1. Please report Rg (one decimal) and Dmax (integer) in Å for the Cα set of the stretch 70-140.
2. Which value, in debye to the nearest 20, describes the size of the charge dipole of the stretch 6-256 about its Cα centre when Lys and Arg Cβ atoms bear +1, Asp and Glu Cβ atoms bear -1, and nothing else is charged?
3. List the relative contact order of the stretch 160-264 as a percent without decimals, with contacts defined as Cα pairs under 8 Å and 6+ residues apart.
4. In whole percent, how big is the carbon plus sulfur part of the accessible area of the chain, probe 1.4 Å, protein atoms only?
5. Give the residue from N7, T23, T123 lying farthest towards the positive end of the charge dipole for the chain; charges sit on Cβ (+1 for Lys and Arg, -1 for Asp and Glu) and the dipole is referred to the Cα centre.
6. Suppose all protein chains stay in the model; what accessible area per residue would a 1.4 Å probe give for the chain, in Å²?
7. Pick from T78, T99, T195 the residue whose mean-square fluctuation is largest in a GNM of the chain, springs joining Cα atoms under 10 Å.
8. Just in the stretch 56-136: which trypsin sites (Lys or Arg not before Pro) are loop by DSSP and have at most 14 other Cβ atoms within 10 Å?
Amino acid sequence: MSRKTLNNIRKLKNKGEKIACLTAYDASFAGLIEEAGTDIILVGDSLGMVIQGHDSTLPVTVDNMIYHCQLVEKGTQTAFLIVDMPFMSYATPDIALNTATRLMQEGQAQMVKLEGGIWVSDTVKMLTERGIPVCGHIGLTPQSVHQLGGYHVQGRTEVRAEKLRQDALALQTAGASLIVLECMPDELVREITQTLDIPVIGIGAGNGCDGQVLVLYDLLGIFPKMPSFAKNFLAETNSIQEAVKLYVQAVKEGSFPSSEHIFK
Ligand code: KIV
């Protein structure tokens, strides 16, 4: 069995099939998630909070990301594998190239994800020109939590919404092949998704995008600070396998997120 490729992910968007993505940080959960039919596994720097117990993702290091990516890679065979570039590991294009090279070579990721819009577009261009696929991430960008003043919905005013529209386009133009939109109003996300050619994956971003991602520990209801947009799927069944399958099914049929998990 071979791993899904970026082309397989693009085809899902073109066919109108929703893309199911989940985070994982170790081999056992990654294998279970893959088995449940998840298309993409993200080794997220959310591990700083849900695995390491920090208040934010800022303390996570490149070595941490490589370690967890190696575990997830070992536990999977077919899922498309994305890894987060942690805080300050892409502060300049040169640092970014070094980080991304390590994440691909040592971590064995298929794609790197970084947070930011127009300001990272030079870095995205540089990485993609060198054959490193990039996933952008805008809206609520947890690595900027102190700058943003907390974990809040982004893009509520017209000025901020316009900035996010421009960020999304800049990332696509720079060569990003996927984009994550986090904690944004449903209508704005629908608009951006219709404008872009690349697949858009939402988290707390309504159900108008091409796919969804959730932090695994939120789906299982085991993280004490679960965000309001997340859903505890384990509450509906008594098996972790079934909970993950319910999530994948709900994403594929478009029933998650439903109105109580959507920001207007
Ligand atoms: O770190 C992470 O898990 C993420 C997702 C929440 C999108 O970036």
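The values are calculated or read from the model by the stated rules, or taken from the named source; none is laboratory data. Note that the structure is predicted; figures quoted are calculated from it, not measured. Counting neighbours? That spans all protein chains shown, and the Cβs are built from the backbone with ideal geometry, glycine included. What goes into the accessible areas is simple: the full protein's heavy atoms, side chains included, and nothing from ligands, DNA or RNA. Shrake-Rupley method; radii C 1.70, N 1.55, O 1.52, S 1.80 Å.
1. When restricted to the Cα atoms of the stretch 70-140, Rg and Dmax are 11.9, 35 Å.
2. On the way: 19 positive and 28 negative charges, 63 e Å.
It works out to roughly 300 debye.
3. Details: 153 pairs, mean separation 24.6, N = 105.
Computed over the stretch 160-264, the figure is 23 percent.
4. 51
5. N7
6. Numbers: 11210 Å² over 264 residues.
It amounts to 42 Å² per residue over the chain.
7. For the chain, modelled as a Gaussian network with Cα springs under 10 Å, the answer is T195.
8. On the way: sites: K74, R102, K113, K125, R130; in loops: R130.
In loop regions of the stretch 56-136 (DSSP not H, G, I, E or B), the sparsely surrounded trypsin sites (Lys or Arg not before Pro) are R130.
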